[in-house]
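Report on the structure given below.
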Amino acid sequence: MKRAWIGVALLATSWLFGLNYYHQADWLCWAALVVVGAALLSGVVERWSGRVESAIALALVLSAIWLAPWPYRAAPLLIAIGLLPAAVGVSHRLTRSTGPGAAVAGSILLAQSLGLMLYEHFTARSHELPAVLTDALTGVSHLLGIESAVDENNIVLHTMRKVHRLGATWELLFDPATFCFLIGGMTLVAIRAWSIAAPDRWLRELTVAAGKLCLVVLAWLPLRAGLFMALFLHRALRTEFDSPLDLMGQFWNPCVNLLFLSGPAFLACRFLRMAGGGKAVASAGGHAMPAPTWRRAAAALAAAAAVALFVAGQFWDPPGARKTGRVAVDERHSNWERTDRAMDTEWYGQMSAYNYYCIYDYLSRFYEMSRVTAPLDDATLDRLDVLIVKTPTSRYEPQEIAAIVRFVERGGGLMLIGEHTDVFHTGEYLNEISRNFGFSFRYDCLFGIDSPFDELYVRPLIAHPIAQRMPPLDFEISCSLDPGTSSGEVVMSATGLWNLPPDYFATNYYPQVFAPNSQQVDARPDARYGAWIQTWATRHGQGRVVAFTDSTQFSNFSTFEPGKPEVMLGMVEWLNRSGGPRWVNPLFDAGAALLALLALGLARRWDGAWLVLTAAGIAGWCAAVVEIRAAHEAELPMPDRARPMTEVTMDRTASAAPLPKGGFIAGRDDGFGIFERNILRLGYFIHRQGAGEAPGGNLLVVLHPDQDVPSSYRDAVTNYVRSGGKLLVIDSPQNVKSTANSLLFPFGLAVDHATNYAGTLAAKDGWPAVPISSACKITGGEPLLSFDGAPPGADKPPVVAAVAKLGQGTATVVGFGSRFTDFNMGVTGELEPDPELRKVYEVEYRLLRRIIDAVAQPSAERSESGKSVPAETKERGGD
C-alpha cells in the first residue's frame, strides 16, 4: 500500500492548483493530480458496502455535486463515481478496485477541504510562529551550517550581498500542502482501520496508525523548513550581483511544495505498515455481525444532523431586530474622504473624485444620514444608531473613545474604515478605538501574488450576512486586520496575497514595491503570504462593530463598481440591527459533537458505515447551506428606499467596452471610464449589470455593443422599455464588431455602419457645437442631433442621434460614441477640463438629462447648471 501515500500527497497538492491559494487556478494540473491520486488509492479498502447501502449513499451525495463549487465538487463527485457500480449491481474486477479507490479519494479530498479551511482561518488571524518555534528553526539552520539569527519575527540569513530577513511563519514551518497531507493521511488510516480491523480493534488500529503518522510529519517539518532555507540561500548566492533578487517564488510554487511532500510520503511508506493484504473485496457482510437496520438508519440520521448543526453553529448569524436607521459620519476627525462637497458638474480634479459624497448620498436614500462635526459625547451618540468613523486624520480624545465604547455597549453600531500603511496616521487613530474591542488594523499593504494590484474577492458559498449579496469585488490595496484573541466573525478574507510594511520615507508611506530595473514586484523575504482578513465583525455588549480595510473602495471614482455599494449597504444594515439569538450557536456545536459520537456508536459493527456516514454528513451539509443562506436572506433583506433615486445601469451583456477597475482610467481609445464617472456628477447612481442579468434602473446604457445579443436578452430589453424604462445605445464607426442593430430593430432604429462622417453638432435647442471626427448615420425614429451642415459625401446633414418611443419608454441611439471615449474625454478622470472639453461634457449631461428627466427626477436636487444644492442631511453638533 505504499503507493497510497503518494496518492495522498498528490491530492494534498491538488488544492494549491485548484484554489487561488497562492496562484490562479491551473485546472489542467489540478485534474491530473486528482485523477492520478485517485488511481493510486485503488485497492486500499478490504470491505465494501452492499448494493442497498451504496445506492443510499449515492443518493445522499448527489445534491452536493450540484451545490458545491469547484474544486470542492470533486469530493462528492468522486464518491458518487465510486458508489455507482455497486449501486447498480455492476461487478467487475476493475470496478471492484477503482470504485472504492475513487470513493476513498473523494473522502480524503472532503477531509482535506475542511482542513484547508481551518488552516486558512487560523493563519489569516496571524502568520507568525511562536518565539519558541522561531528559535527552533534557527537551531535547525545552524545544524545545516547556515549562519542565522533571530530578529523579532524574522530569521536573519546572511550572504555577502545582502542580509535577508525571512519571515518566521506557519507557511515556512507547516505549509498548507503538508497540513493537507496530514489530514488526508489521517482519513486514509481511519478508512483503512474501519475496513480491515475487527469492530473491537478498529479504534486501537486507528490510534496507533494516526500516532505514527503524526510523528512522521512532525519529524519532517523542521527538516523541510531547513531545506527551504538552504534552497533560498543557494539561489541568493547563485544570483548575479547586478540581477534583482527574486527568491520568494519557491515558497508559493505548487510544484516545489509537491516535491517537498516526497519526504513525508517516503517516511509514511517506510514506517506505517497498514495491515491487510491490499485486495479489494466487494462484500456486504464482511467478518462482523451486521448491524440492525434501525441502527444503520439512526446512525446515518445522527451523522447528517451532526454536520447540519455544526455548520449552523459556525455560520448562522441571526442579524436581530432592525433599528430606526439614524446613521452619522464623523467629519470632525477626518480631512480625508470628505462627504460634505458634491462631485457635480462644476467641480473637477482629483479631489472631486477622491471623496465620499456619492456613497453618503446613496446611503441617504435608505437611512437618515447626518454628519458629526463636534466632539463626540454621550448626548450626540444617543441620537444615533450607527456611527461611521472613516480614515481619521486627527486623534480622538480619551473621553471621546470612552463615549464610543459606551455607545457600542448600549447597542450602537460602529463602522471603522481604515487604509493601508497607516497613511495620515489613520491606522494609529483607529486602533486607539478598535483595541477596546480586541482587534487592530495592521500597518501594511496587501498585494496579489500573481498580479500585485489585483485583489479579487469572491464571496464563499455561505457568506456572512453583510456580504451575502455581493458580486465579485476588486480591492484597491487594503491593509490587513489582526483580530488578536477577540471573538468575532470574518466577513471577508482572501488568499493569494502577500503583505509589505509601510515605507516611512515615502510621503504616503506606500512601500516601493517594484524591484530595481524591473517591472516585477519586489517580493521581500520578510513578506507574509497566504490568507488575510480584510473585513471583521464583532459584537460587544449590546452593540456591534465592523472594520473595513480599504477606504479607497468608497471614493466617488470607484464606489459604484460591482460589490462596493453592496458591501457598504450590507455593513450599515447589519450594524443597524440589535439582538439576535447568537447564544444558540454554542448549543448547536455541542449538539453536533454529541450526535457525532452517537452516530459512531450506532455504527460500531457496521462494515460499510464510513461511506454511508460520510454521505449522510454531506447531505446534512447541503441542507444546512441551503437553510442558512435562505435564513440570512430573509433575516437581513435589502432596506427599503426612504428617498427616491435615479439609477443608471451599465450593460455588460451586449457590451464589453472597458470600464474602470479600481477607479483606474487608462485613457484608452475604446474605454468609457470618464463617461461613466460623469454620470455621478448629475446626481444619478450607477449599477453595472452582470452578464445576462435582466435590465433595470431608470436608464440602461449600452456602450459600443460588440457581443452577441441573445434573443432572450433583446426581449427583456424590449419589455423593459415598453414598461417605462429608457435605453441609450452609444455606437460609432470605430466599433467594428457592432451588434447595436440586434438590440435596436424592435424600436425601428438602426446604425448605418457603412457611413463615417465628420462635422460639428448643430447648436440647436441649447446643444453645444462640438466637433465630431467620426460618426455613423442613424436611421429611424425622431432626429435628436445632427450635423451643422452636410459634410463631404452627404446630401444633407446626417442624423447622428435619434430617439424612438415604445410603450411608456424610449430608446435613444448615438452614432458618434468615440467622442465619449477616455482618450477624447481628457485621458484621466482627474483632469480639469478646458472650455472646449467642457462642451463635450455638456453634450453628455444634456443627453442623459433629456432621456431621464422624462421619467424620473435626478436623485439629488440640482440647478440647471448642474451645481449641487445641499442634500437633505443634518449636522450633529454644528461645524
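The values are calculated or read from the model by the stated rules, or taken from the named source; none is laboratory data. The structure presented is a predicted model; accordingly, all values stated were derived computationally and were not measured. Because the Cβ atoms are built from the backbone with ideal geometry, glycine has one as well, and the counts that use them run over all protein chains shown. For accessibility, only protein heavy atoms count, side chains too; no ligands or nucleic acids. Shrake-Rupley method; radii C 1.70, N 1.55, O 1.52, S 1.80 Å.
Could you tell me what percent of the accessible area of the chain is made up of carbon and sulfur, with a 1.4 Å probe and every protein chain present? Before the final figure, lay out each step's value.
Working: 20450 of 35040 Å².
Of the solvent-accessible surface of the chain, carbon and sulfur hold 58 percent.
Once a ≥ b ≥ c are taken as the square roots of the eigenvalues of the Cα gyration tensor of the stretch 1-138, is the result rounded (a/c under 1.5), prolate (a/b larger than b/c) or oblate (a/b not larger than b/c)? The partial results should precede the final answer.
Details: a/c = 2.32, a/b = 1.92, b/c = 1.21.
Since a/c reaches 1.5 and a/b is larger than b/c, the shape of the stretch 1-138 is classed as prolate.
Please compute the length gained on full extension between ARG849 and HIS142, using 0.36 nm multiplied by the number of residues separating them and subtracting their Cα-Cα distance. Don't skip to the answer; put the middle values down first.
Numbers: separation 707, 0.36 × 707 = 254.52 nm, distance 7.30 nm.
Full-extension gain reported as 247.2 nm.
Provide the convex hull volume over Cα atoms per residue for the stretch 716-797, in Å³.
For the stretch 716-797, the hull spanned by Cα atoms encloses 107 Å³ per residue.
Mind listing the phi-derived Karplus ³J(HN,Hα) values for the stretch 680-688, rounded to whole Hz, using 6.51, -1.76 and 1.60 with θ = phi - 60°, and x for any glycine or proline?
For the stretch 680-688, the Karplus-derived couplings read 5, 5, 8, x, 8, 10, 10, 9, 8 Hz, x marking Gly and Pro.
Using alpha carbon centroids, what distance separates the stretch 355-405 and the stretch 323-342, in Å?
Each part reduced to its Cα centre gives a spacing of 6 Å.
The stretch 788-828 to the stretch 606-631: how many Å between their Cα centroids?
That distance is 58 Å.
How big is the C-alpha Rg of the stretch 143-241 next to the rule-of-thumb value 2.2 N^0.38 Å, as a ratio?
On the way: Rg = 19.4 Å, N = 99, 2.2 N^0.38 = 12.6 Å.
Ratio of Rg to 2.2 N^0.38 Å for the stretch 143-241: 1.54.
Have a look at the DSSP beta bridges in the stretch 397-555 and tell me what percent are antiparallel, nearest 5.
Details: 23 of 28 bridges.
If we restrict to bridges inside the stretch 397-555, about 80 percent are antiparallel.
Cβ neighbours within 10 Å, averaged per peptide: list 298-304, 828-834, 728-734 in order, most packed at the top.
Working: 298-304: 22.4, 828-834: 15.3, 728-734: 24.6.
Sorting 298-304, 828-834, 728-734 by mean packing, highest first, produces 728-734, 298-304, 828-834.
Using the Karplus curve 6.51 cos²θ - 1.76 cosθ + 1.60 with θ = phi - 60°, what ³J(HN,Hα) values do you get for each residue of the stretch 249-259, in whole Hz, with x for Gly and Pro?
The phi angles translate into x, 5, 6, 10, 8, x, 5, 5, 5, 5, 4 Hz.
Apply the a/c threshold of 1.5 to the C-alpha gyration tensor of the stretch 90-193 and tell me whether it is rounded, prolate or oblate. Could you put the intermediate results ahead of the total?
Values: a/c = 3.76, a/b = 2.69, b/c = 1.40.
Taking the square roots of the gyration eigenvalues as a ≥ b ≥ c, the stretch 90-193 is prolate.
Compute the relative contact order of the chain as a whole-number percentage, counting only Cα pairs closer than 8 Å that sit 6 or more residues apart in sequence. Intermediate results must be reported in sequence, preceding the final value.
On the way: 1875 pairs, mean separation 117.9, N = 879.
Relative contact order, the chain: 13 percent.
Using per-residue counts of other Cβ atoms within 10 Å, averaged over each peptide, order 235-248, 337-350, 360-373 from highest down. Could the numbers behind the result be given before it?
Details: 235-248: 13.0, 337-350: 19.0, 360-373: 21.4.
Order by mean packing, descending: 360-373, 337-350, 235-248.
Once Rh is set to the Kirkwood radius over Cα pairs, what Stokes-Einstein translational diffusion coefficient, in µm²/s, holds for the stretch 47-122 at a temperature of 37 °C and a viscosity of 0.692 mPa s? Could the numbers behind the result be given before it?
Details: Rh = 12.8 Å.
Translational diffusion coefficient: 257 µm²/s.
Search the structure for amide H atoms under 5 Å from the amide H of VAL491, placed 1.01 Å from N in the peptide plane, and list their residues when 5 or more places away or on another chain.
Close amide H contacts, sequence-distant or interchain: THR535, TRP536, ALA537.
Please work out the average accessible area per residue across the chain, using the 1.4 Å probe convention, and give it in Å². Intermediate results must be reported in sequence, preceding the final value.
Details: 35040 Å² over 879 residues.
For the chain, the per-residue accessible area is 40 Å².
Might you report the magnitude of the Cβ-based charge dipole of the stretch 46-148 about its Cα centre, with Lys and Arg at +1 and Asp and Glu at -1, to the nearest 20 debye?
Details: 6 positive and 6 negative charges, 144 e Å.
With only Lys, Arg, Asp and Glu charged at Cβ, the dipole is about 700 debye.
The stretch 81-130 to the stretch 519-562: how many Å between their Cα centroids?
With the stretch 81-130 and the stretch 519-562 each reduced to a Cα centre, they are spaced 33 Å.
Amide H neighbours of GLY580 under 5 Å, counting only residues 5+ apart in sequence or on other chains, H built in-plane at 1.01 Å?
ALA321
HN-Hα J couplings of the stretch 232-239 from phi, Karplus 6.51/-1.76/1.60, θ = phi - 60°, integer Hz, Gly and Pro as x?
Along the stretch 232-239, the couplings run 4, 5, 4, 5, 5, 6, 7, 7 Hz.
Report, in degrees rounded to the nearest 10, the 0 to 90 angle that the Cα long axis of helix 711-722 makes with the longest principal axis of the chain.
Around 40 degrees separate the two axes.
For LEU259 and SER451 in one chain, what is 0.36 nm times their gap in residues minus the Cα-Cα distance, to one decimal in nm?
Numbers: separation 192, 0.36 × 192 = 69.12 nm, distance 2.48 nm.
Residue separation times 0.36 nm, minus the Cα-Cα distance, leaves 66.6 nm.
Obtain the radius of gyration and the Kirkwood radius of the stretch 691-754 from its C-alpha atoms and give Rg over Rh.
Values: Rg = 11.3 Å, Rh = 12.1 Å.
In the stretch 691-754, Rg relative to Rh is 0.94.
If you scale each eigenvalue of the Cα gyration tensor by 5 and take the root, what three semi-axes come out for the stretch 329-405, rounded to whole angstrom and sorted largest first? Present the calculation step by step, with values, prior to reporting the outcome.
Values: eigenvalues 126, 47, 13 Å².
After scaling each eigenvalue by five and taking roots: 25, 15, 8 Å.
Antiparallel as a % of all DSSP beta bridges within the chain, to the nearest 5? Kindly include the intermediate steps, with their values, before the conclusion.
Working: 54 of 93 bridges.
Beta bridges within the chain, antiparallel portion: roughly 60 percent.
Need one value: the accessible area of MET650 in square angstrom, 1.4 angstrom probe, rounded to the nearest 10.
0 Å²
Report, in debye and to the nearest 20, how large the dipole of the chain comes out about its Cα centre when Lys and Arg carry +1 and Asp and Glu carry -1 on their Cβ.
Details: 76 positive and 85 negative charges, 740 e Å.
Computed charge dipole of the chain: roughly 3560 debye.
Which three extents, in angstrom, do the Cα atoms of the stretch 531-633 have along their principal axes, listed largest first?
Projected onto its principal axes, the Cα set of the stretch 531-633 covers 65, 32, 27 Å.
Can you return the lysines within cross-link range of LYS661? Criterion is Cα-Cα under 17 Å, with same-chain partners fewer than 8 residues away left out.
Straight-line reach from LYS661, under 17 Å: LYS564.
Pairing the Cα long axis of helix 609-635 with the longest principal axis of the chain, what angle in degrees results, from 0 to 90 and rounded to the nearest 10?
On a 0 to 90 degree scale, this one is about 20.
FRET efficiency for SER773 and THR507, Cβ-Cβ distance as r, R0 = 51 Å, nearest 0.05?
0.80
Considering the alpha-carbon set of the stretch 168-221 alone, what are its Rg and its Dmax in angstrom?
Taking only Cα atoms of the stretch 168-221, I get Rg and Dmax of 13.1, 45 Å.
For the stretch 428-469, take every pair of Cα atoms, bin their distances at 5 Å starting from 0, and report each bin as a whole percent.
Taking all Cα pairs of the stretch 428-469, the binned fractions are 5, 17, 12, 11, 23, 25, 7, 0 percent.
Multiply the residue gap between GLU633 and GLU397 by 0.36 nm, knock off their C-alpha separation, and tell me the result in nm, one decimal place.
Values: separation 236, 0.36 × 236 = 84.96 nm, distance 3.93 nm.
Result for the pair: 81.0 nm of gain on full extension.
What is the helix-to-structure angle for 584-602, meaning the angle in degrees between its Cα long axis and the longest Cα principal axis of the chain, kept from 0 to 90 and rounded to the nearest 10?
Computed tilt is about 30 degrees.
Between (1) 28.2; (2) 30.5; (3) 29.2, which matches Kirkwood radius over Cα pairs in Å calculated for the structure shown?
Only one option fits the structure, namely (2).
Would you please state the base-10 log of I(q)/I(0) at q = 0.10, 0.15, 0.19 1/Å for the stretch 358-516, with intensities from the Debye formula using one equal scatterer on every alpha carbon?
Values returned for q = 0.10, 0.15, 0.19 Å⁻¹ are -0.44, -0.99, -1.41.
What is the set of long-range amide H partners of ASN154 at a cut-off below 5 Å, with H atoms built 1.01 Å from backbone N?
ALA168
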